[in-house]
Structures are given as C-alpha cells and as structure tokens.
Amino acid sequence: MTDATSGSGGASSLFTVDALTRKRNAAETRFRAYGIIAITVSLLFLVILLGTIIRNGMPAFQQSFITLPVHLDAAKLDKNGNRNPDDLKKVTTFGYGPLIDRALEVHVAELGIETPFTKAKELNPLLSASAAAIVRDQVLASPDLIGKTVEFRILASSRVDGYLKGRVTRDSVARDKSINAEHLDLADALRKEGVLTKGFNWDFITGADASESRPEQAGIGVSMLGSFFMMLVVLIFSLPIGVAASIYLEEFAAKNRFNDLIEVNISNLAAVPSIVFGILGLAVFIQFAHLPQSAPLVGGLVLTLMTLPTIIISTRASLKSVPPSIRDAALGVGASKMQSVFHHVLPLAMPGILTGTIIGLAQALGETAPLLLIGMVGYIASNYPNGIAEGFLNPNSAMPAQIYEWAKRADPAYYERAWGGIIILLLFLMTMNIIAIILRRKFERRW
C-alpha cells in the first residue's frame, strides 16, 4: 500500500492550497475587511454626531449674569407706604425698568468705566428683557426689600451672552439693531471688573419656555414634566393592553384566517408613519371625544396607539422564546392552560417583555410628528402645572416638541438651546435603555 499523496499520478497534498481555496480565502478576507470598514465608518459618524451635539449644545448649560445693586425706590414702588400686596402688584414691570437702568448707569460710573452713553436707557441692551420681571417677583415675595439697595443677579441679554460664548462677534453686531460695538466694549469692561460673569444655567434644566424676546430665560423643565406625564399615560395603557393582547394571540387564539389577519395588521401598524397616528388622535380624541388640546393626556393616548404594535411584537417574541417543554411540564402535572401561562411562561418571558416595553417608551419619548397634529408644538410651556390633574389635562409641551419649536425661532440663542435640549433628551433615552438592560439582567432566567 502506498501513500496516495506521494504518488506520481499528479495528486497534490491535502496541505497544498489550490487556486479555488486561495480564491475562497481571499473572498473571506475581503468580507472581513468590508465588515471592519463598515463598523469603523459607523463609529466615525457616531462620534461626529455626538461631538457636534455636545459642541453646539453645551453652551446652553452656561449663562451670563450681571450682578447689580438696585435701589428699590419706595416713592415709585409703594406710593402709599403701607406695603399692601395688592398695591404693590399694581406696579408693573414698566415701573421697575427705569430703576434697573439707573442702577446700571450708577454702578458703571462708580467703577470708573467710561462709556459714550449719556442716558441710562441706552444701557438697556446689556440686560435681559426679563430683568424687570425678576426684580418685581422678588419684591412681591419680600416687600420689606422696598426702600433698600439690594444686589440682584440679573440675566444678561442674549446678544451679550452670545458675545461671551463666541456666538456673537463684532462683525455681526454691525448689522444688529439691538446692540452695537460700544455695548460690547462696556461688556468687556464689566467682565474685567467681575460684574458680568458666566455660570452654570440651572434655569435651562428647571425653567419654562419664554417668548422670542427673552431666549436667555428659556428652559426645558416644564416640557420635561409634560413628557413625564405623557410617558405615564403610555405606560399605564400600553403595557397591560399590549401584554394581554400578546398572551391571547400567542397562547390562546385559534390558528385561523381571522387571527392571521389580525397578526398581519399588527405588523403593518408597526410600520405606519407616526404622523398618521397624530391625525387619528386629532380626529378621535380632540374632535370627537373633545379632550383638551395640547394636553399630555391626549399626547399619551396618541403615543399609546403608536407604541402598542411594538410592545405586542416584542412580547410575542419573548413568549415564543420560552421552550414548549415548560408548557408541557406544567400541563403534565395538572396545571390548567392559564396557570401554565401565568405561573411559568410569563415569568420566564418577563425580561424580554420589559425590554420591549422600555424600548417602545423610548421611541415614543422622541416622537414629534404626532404631537404636532394635536397642538403641543405651537404651545409655549411657560408655567408648571398645579397638581397631578393639571399635569395630565392642562396644555403643555414635550421635550421633542420644545426642541422643534426652539429650532425654528429666529434668535440664534434658541438654536443653541435646541442643541442643549437634544442632549437632555439623549440622556433620558440612554437612561431608559440602561434600565432596560438592568431589568433584563435582573429577571433573566436560564433553563
């Protein structure tokens, strides 16, 4: 017997790589290279996207302030001298404005800063349009301040704030009717003296939206609360309905054409554009049911309709992943069909159900198009609700709707806040996905 690989009949060794094998190995190498290139490009674009969001959004978390001692003249704020709250409320912000302008003029003179401005009113572009309202609110809260010189931390105007952040330049203010280069010179001098400072902007996180003339005062806090109430509505309705529908279709429904039609339609609904659900919500919940427009309750119901298909599909997939032997073992020891499902199958499928639910909620949290149809985009969320009932029923906005509203406003300060709102929204989404991972790990069981 001879070695077949060493004969002279032309047979090659098994260890010799022939042309076909070389071609196949080269194809595999190219495929791996394509995969690595695709992953690298994807990561590169992700880094660019996150870098752009952080670079453009982080300035929204910083705000410029002017520390100013203001003399609260009793002759103008409390003519009767009785500190009666009803009389004090009669003095509008127009009564406080001249006091603030005069205080800034006096403070500039005391610091020895020379300016070309001859009237106190000409210094007003340095201050936010909300300055008078801020001072008035503090005086109404503490009437004893009247007659004293009180130091206030007042918001700088959006132009001055943009100048300190590099968003506004001297070339751009040459075409700006609100502020000029002399104001920027004064801002530099005040910054040198420590009067004009920049600090963390908590009001952006906790505050409410503002009008177009006060972008420096705008915050996303009220919209965050609106999104919270909407997500509560979505969770309360979508989780029990979605899980119940999934259990019936997967475990109890007969296999016939009618149920097959239902399953196909659920899959189709998951691919329907979200704005279609907005039109449905407008017709059913607002025009037919007469629920309040722009309310988080209506927004939550619309997003529930949009989220249900996602939850049903993910829940059915989780139920299918439980081995049939679990069901057979439960039935074999005398359990009923319902007992086998609720005592054995459902607990084992719970990690996937929770994960699918949270992913569905995260998807609903970032939706804007359905909210546009029910009016939550056009509403300015300027006040916090008083109580839980108002939180559900009073008009409000949501984070994606608020971001959309800021992005379309003319002032660049609002564009900056839109990027900052995206950062907060992404943090919410990351938190929800992390919770989904933790819950999956916590409830995961192996068989």
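The values are calculated or read from the model by the stated rules, or taken from the named source; none is laboratory data. No experiment lies behind these values; they were computed from the predicted model shown. Note that each Cβ is placed from the backbone with ideal geometry, even for glycine, and that neighbours are counted across all protein chains shown.
What do you reckon, is THR93 at pLDDT below 90, touching a helix residue (DSSP H, G or I) at 6+ places or on another chain (Cβ under 6 Å) and within 21 Å of HIS183 (Cβ to Cβ)?
no
Mind checking which residues of segment 49-83 are of a type in the set (Gly, Ala, Ser) and crowded, with 19+ Cβ neighbours inside 10 Å?
Those that are of a type in the set (Gly, Ala, Ser) and crowded, with 19+ Cβ neighbours inside 10 Å: GLY57, ALA60, SER64.
If ILE134 passes every condition in (1) without any contact (Cβ under 8 Å) to a residue 24 or more places away in the chain; (2) farther than 24 Å from GLY199 by Cα but one, which one does it miss?
Going through (1) without any contact (Cβ under 8 Å) to a residue 24 or more places away in the chain; (2) farther than 24 Å from GLY199 by Cα one by one, ILE134 breaks only (2).
Where the second residue is buried (at least 16 other Cβ atoms within 10 Å of the Cβ) and among the charged types (D, E, K, R) and the first is part of a helix (DSSP H, G or I) and lies in segment 265-293, which pairs have Cβ atoms under 8 Å and are six or more apart or on separate chains?
From residues that are part of a helix (DSSP H, G or I), the pairs are SER274/GLU367.
To keep it simple, each residue is scored yes or no on (1) without any contact (Cβ under 8 Å) to a residue 24 or more places away in the chain; (2) surrounded by fewer than 22 Cβ atoms within 10 Å (Cβ to Cβ).
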residue	(1), (2)
PHE342	yes, yes
ALA349	no, no
LEU354	no, yes
ALA364	no, no
GLY420	no, no
LEU429	no, yes
ILE434	yes, yes
ILE438	yes, yes
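What's the number of the only condition in (1) touching a Leu at 6+ places or on another chain (Cβ under 9 Å); (2) surrounded by fewer than 16 Cβ atoms within 10 Å (Cβ to Cβ); (3) over 23 Å from GLN217 (Cα atoms); (4) not small (Gly, Ala, Ser) that ASP86 fails to meet?
(1)
Hey, could you check segment 392-420 for residues that are closer than 13 Å to ASP209 by Cα and charged (D, E, K, R) and say which is modelled with the lowest pLDDT?
ARG409
So which of ALA254, ALA189, ALA210 is small (Gly, Ala, Ser), in a loop (DSSP other than H, G, I, E, B), more than 30 Å from GLY356 (Cα to Cα) and out of contact with any Asp or Glu (no Cβ under 7 Å at 6 or more places or on another chain)?
Just a single option satisfies the conditions, and that option is ALA210.
Could you please find all residues in segment 317-341 being part of a loop (DSSP other than H, G, I, E, B) and more than 27 Å from THR357 (Cβ to Cβ)?
Across segment 317-341, the qualifying residues are VAL333, GLY334.
Which is within 27 Å of LYS442 (Cα to Cα) and either of a type in the set (Gly, Ala, Ser) or within 21 Å of the chain's Cα centre (by Cα) (or both), of THR315, THR304?
THR304
Take the residues in segment 370-399 that are assigned to a helix (DSSP H, G or I) and touching a residue at least 60 places away in the same chain (Cβ under 8 Å); name whichever of them is farthest from the chain's Cα centre (by Cα).
LEU393
Can you tell me which residues in segment 183-209 are more than 19 Å from LEU68 (Cβ to Cβ) and out of contact with any Ser or Thr (no Cβ under 7 Å at 6 or more places or on another chain)?
Correct list: PHE200, TRP202, PHE204, ILE205, THR206, GLY207.
In segment 222-245, which residues are within 18 Å of LEU371 (Cβ to Cβ) and surrounded by fewer than 20 Cβ atoms within 10 Å (Cβ to Cβ)?
PHE228, LEU232, LEU235, PHE237, listed by residue number.
Restricting the search to segment 395-408, which residues are surrounded by 21 or more Cβ atoms within 10 Å (Cβ to Cβ) and touching a helix residue (DSSP H, G or I) at 6+ places or on another chain (Cβ under 8 Å)?
Result: ASN396, SER397, ALA398, MET399, PRO400, ALA401, GLN402, ILE403, TRP406.
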